[in-house]
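So the structure is just underneath, and the comments pick up after that.
The values are calculated or read from the model by the stated rules, or taken from the named source; none is laboratory data. Quick caveat: nothing in here was measured; it's all calculated off a predicted structure. Backbone-built Cβ (ideal geometry, glycine too); neighbour counts: all protein chains shown. The accessibility values were calculated without ligands, DNA or RNA, using every heavy atom of the protein model including side chains. Shrake-Rupley method; radii C 1.70, N 1.55, O 1.52, S 1.80 Å.
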Amino acid sequence: QVQLVESGGGLVQPGGSLRLSCAASGSIFRFYAMGWYRQAPGKQRERVARITSSSSTNYADSVKGRFTISRDNAKNTLYLQMNNLKPEDTAVYYCNQEQTSRTYWGQGTQVTVSS
């Protein structure tokens, strides 16, 4: 059974940094594309960044130049380095794994950017 567990969220001041982690189990991690999504209160979930099995990446325009997605296949872990955080980055952040038959989701981690 695939399990994704996010960690690293918290409260940070504007301009600060956080690194989110997503530990995966129950699948051959290196085979699959992975993504980070976020959902703010009253808004739809949106994709923040995605990384393929060959480590090609893409980002939402709102985070380009500030966020970096990466993966460590030896540790079965996905990361999201977030720099120069803004109040509008406040949301619950989720990781996902895109398999052929379905997509799996973690439970989310809260990121709050506030002074």
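Under the condition of being polar (S, T, N, Q), part of a strand (DSSP E or B) and open to solvent by 40 Å² or more (accessible area, probe 1.4 Å), which residue from the range 99-113 is farthest from Arg19 (Cα to Cα)?
Residue satisfying both the conditions and the ranking: Thr103.
Filter the range 80-98 down to residues that are open to solvent by 30 Å² or more (accessible area, probe 1.4 Å) and part of a strand (DSSP E or B), then give me how many there are.
4
Say whether the condition of being among the small types (Gly, Ala, Ser) and modelled with pLDDT of 95 or more is met by at least one residue in the range 62-69.
For the range 62-69, residues among the small types (Gly, Ala, Ser) and modelled with pLDDT of 95 or more: present.
Which one is most open to solvent (accessible area, probe 1.4 Å) among residues in the range 37-73 that are within 17 Å of Gln97 (Cβ to Cβ) and of a type in the set (Gly, Ala, Ser)?
Ser54
Would a scan of the range 18-29 turn up a residue that is touching a Ser or Thr at 6+ places or on another chain (Cβ under 6 Å), hydroxyl-bearing (Ser, Thr, Tyr) and either in contact (Cβ under 8 Å) with a residue 24 or more places away in the chain or open to solvent by less than 10 Å² (accessible area, probe 1.4 Å) (or both)?
Yes, the range 18-29 has at least one match.
Hey, could you check the range 1-17 for residues that are assigned to a strand (DSSP E or B) and surrounded by fewer than 14 Cβ atoms within 10 Å (Cβ to Cβ) and say which is nearest to the chain's Cα centre (by Cα)?
Ser7
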